[in-house]
Structures are given as C-alpha cells and as structure tokens.
Amino acid sequence: MTTVSDDPRRRLSSDARRVVLAQALRAGVYGFGSVLLGATLDSLGFSAGETGLVLGAVVGGTVVASLAVGRWSDRWGRRRSYVTLYVLLAFTGVVFAVASSPWMLAMVALTGALSTEVVESGPFTSLEQAMLASDLAGRERLRGFSLYNAVAAACGSLGALAAVVPGWAREIWTDAPTDQRWFLVFVPAALAGATVAGSLSPRVEADRPHVPPRRLRASRPAIARLAGLFAVDSFGGGFTVQSFIAFWLHRRFGASTAEIGVVFAAMGMLQTGSFLAAGRLAERFGLLRTMVFTHLPSNLLLGAVAFAPGFGVAIALLLARTALSQMDVPTRQVYVMTLVDPNERTAAAATTNTARYAVRPFAPPLAGAAASSIALGAPFVIAGAIKAAYDLVLWRWFATVPVPDDSEVPA
C-alpha cells in the first residue's frame, strides 16, 4: 500500500497552492521593490546612515510583526492575519511612493509588511510555513519546501527584472513617474494577495487555537542552540540585504536601476535553481552537510565582493555566491522540522524564525556606519566573516546529533 509521503503523484492541496500563489504575488513586488528601494534612497539624497536607518526599520518591522503573528495569529485566525498583512503591504506601497522623510519611511516600515528579502519574508513566512507544514512529510516535505522557496525566488527575479520598466518609460515618455512613484505597483499586487488569502478554507486554521503555541519540551536544548546560531547567521546577512547591495552598486559603480534589476533577476534565477538542487543534494548527502558545505564557500565569495576592482567582477562574485548561498534555506527549514517532535514543530518554527528576525534590525544601521567610517565595501567583509563562523560552529555542534529515522531524509 502506498503511503501519503512516498506517493510521487501527490500534489499540494488547493489551500497550499493558494498560499504559494499569494507568496508569488508578494515575491514579485518584493523583487521589484528591492531594486527600487536602494536606488530611491540614494536619489532622495539620504546618507549611508539614513539609508541604514530605513533598512533597519524594514527589518525591525518583520521582528515586531513576526512576534505578533507567533503569539496571536492562531487565536485571531490565520486567514484573517494573512489578509491583514497584505492590506498593510498595500498601505506601505502608497507611503513609500510619496514620502521623502527617512523618519516617515522608517515608521511605516515598522508595520512589518515590507521586506528587504524575497525569500523568508518575515511574518508572511511564519504563517505560510505553519499552513504548509501539515500538508507535507518525509521526502515530500523536503521537495515541497524546495518548491515553495523556488517559487519565491523565481517570482522575485521576475520582479527585479521588471525594474527596468521605469527607465524604459522615461525614454519614451518625458513625464514618466520617478522611480519612487513606482512603489504604487505594490497596491494592486497586495490587494490581489489579500483576495487569495481570503479564499483559503478553514482547514488552514489551528486545530486548537486556545492552546498557547510556543511550548518546547524535549527539543528545547537543540532548538535553543539552533535559534542562537540562526540569529548569528541572520545578523551577518543583515549587513548585505539586497537593498544595500543595490545602494552599493549604484554608489560604487554608478549602476543604473535597469542594470541592477537585470543583476537581481539573474541572482533570483540562480536562487530558484539552487533551491530545487538543494532537495536533491540533501537526499543524497544529508541535510546538515548540504547546509554547511554549500553555505561556507558562498560566504568566502561574499567577503571577496568588497575587493572587486570593477562592476563585472563584482557581479561575477555576487552570482557565484548566490548559486551556493541559498541551498541552506529549504534544508534548514526541513532540518528543524525533522529534529523536533511533531507536536513541537510550530513552536520550533516560531522560535527559530523569531531569532533570525530579532537580530537583523541591528545590522543595516551598523552596515551604514561601517560603509561611512571604514569603507563602502566593509559590510561585505563583515557579513562573510560572521556567516562563515556560523557554518563552522553549526557543523561542530550538530554533526553528531541524532535525528528521528522516520523522516526518510538523511540528516
């Protein structure tokens, strides 16, 4: 008899497909916005410190919103929370299209609807993982999470590629809107996402919403260590969020929004392929090996970006780094789900995700300070060093940790 987890013909449920569709809409505008944001902040005349303030608020907002989602969404309703986040995203698009004060942009960014990353985008991701996890098991879970992340990367790359449109528009229309006004594109995409979110069935809701969701028992020591390590990795990554990379390329090499959009599109396509490859590699070599030994060399490449003598070399290093750096995302998500007992998965996901989000707000302002006081490329070196240290400690602590055998995936 064929089980659910090993039936290769099994497809995602209709609710899961709706979640992926809503995620695709969001990822598209996040990819578009990641290009526009860095260039817009520079065109508004913001200093590196002010840019760091806004980017820090964007990341800080994901922390606040993620904590709220983890604590109240099961009680308030996952669908209602999901719809609310998309409505906030539409509002954020309007403000970012018209405001010119760094403090105003930072205040709106603290709602948590905007993200500096296409994949693992704050409170949205926490809700989506909770709604998807029960639909997948074993190898199917690994492949499903790989697909889920690949869709985000693919749509984000298309969004980044669409960032060439504002430049083209100005070539054929002298009164075309400035780059900043194009943030209004967020509004229809967010409202479409809210419509899809509202169409989810009651099956996505928590089974027992009155039970506090954040309780860890048997898995507490392992999850505490993982949360700490993921926080270190996320802190390092916060020094080089995509919007900072756009800002750096624009300031260092004079790259246009169109050029940056093409680069980010290429990076997104490489991410898509790496997410899909990660599942296959993990099935053969194990989750932890795939996480560490693809991530470590990518961080050495990240540090080398700071020393690129020209635009072409910088892009080559960024693309090479991207091809390896994201393979740890689906494997990390599945590793956490595999390591803990089934009844602790929601709490484990909430704990590790919140740890990642909680430290990121501190990194962009520090990146801005480092770029101003040390060197414009210093954040790349700092990020590479921190993230490489994370890889080494992760392997040292967890290489011998046993995991359950029912996952069908080697750890």
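The residues on offer are L114, L89, L67, and the sole one that is farther than 21 Å from P188 by Cα and either at pLDDT below 75 or not charged (D, E, K, R) (or both) is L67.
Here F239 fulfils each of the conditions (1) at pLDDT below 85; (2) under 24 Å from A316 (Cα atoms) apart from (1).
Candidates are the residues of the range 144-177 that are under 27 Å from the mean Cα position of the chain (by Cα) and β-branched (V, I, T); the one that is modelled with the highest pLDDT is V151. Evaluating Y357 against the criteria (1) under 22 Å from I386 (Cα atoms); (2) at pLDDT 80 or above leaves one unmet condition, (2). For the range 79-115, a tally of residues being within 30 Å of R203 (Cα to Cα), open to solvent by less than 20 Å² (accessible area, probe 1.4 Å) and either in a helix (DSSP H, G or I) or of a type in the set (K, R) (or both) returns 7.
Screening V108 against (1) at pLDDT below 80; (2) in contact with a helix residue (DSSP H, G or I) (Cβ under 6 Å, 6 or more places away or on another chain); (3) under 23 Å from V54 (Cα atoms) leaves a single unmet condition, (1).
Within the option set A278, A282, A306, A258, being farther than 28 Å from A39 by Cα, of a type in the set (G, A, S) and out of contact with any Leu (no Cβ under 8 Å at 6 or more places or on another chain) holds for one residue only, A278. What are the residue pairs meeting all of these: first residue in the range 185-198, first residue open to solvent by 40 Å² or more (accessible area, probe 1.4 Å), second residue assigned to a helix (DSSP H, G or I) and of a type in the set (V, I, T), Cβ atoms under 7 Å, and 6 or more apart or on different chains? Partner pairs satisfying both residue conditions: V185/V29; G198/V83.
The values are calculated or read from the model by the stated rules, or taken from the named source; none is laboratory data. No experiment lies behind these values; they were computed from the predicted model shown. Positions of Cβ are generated from backbone atoms using ideal geometry, with glycine treated the same way; all protein chains shown enter the neighbour counts. The accessibility values were calculated without ligands, DNA or RNA, using every heavy atom of the protein model including side chains. Shrake-Rupley method; radii C 1.70, N 1.55, O 1.52, S 1.80 Å.
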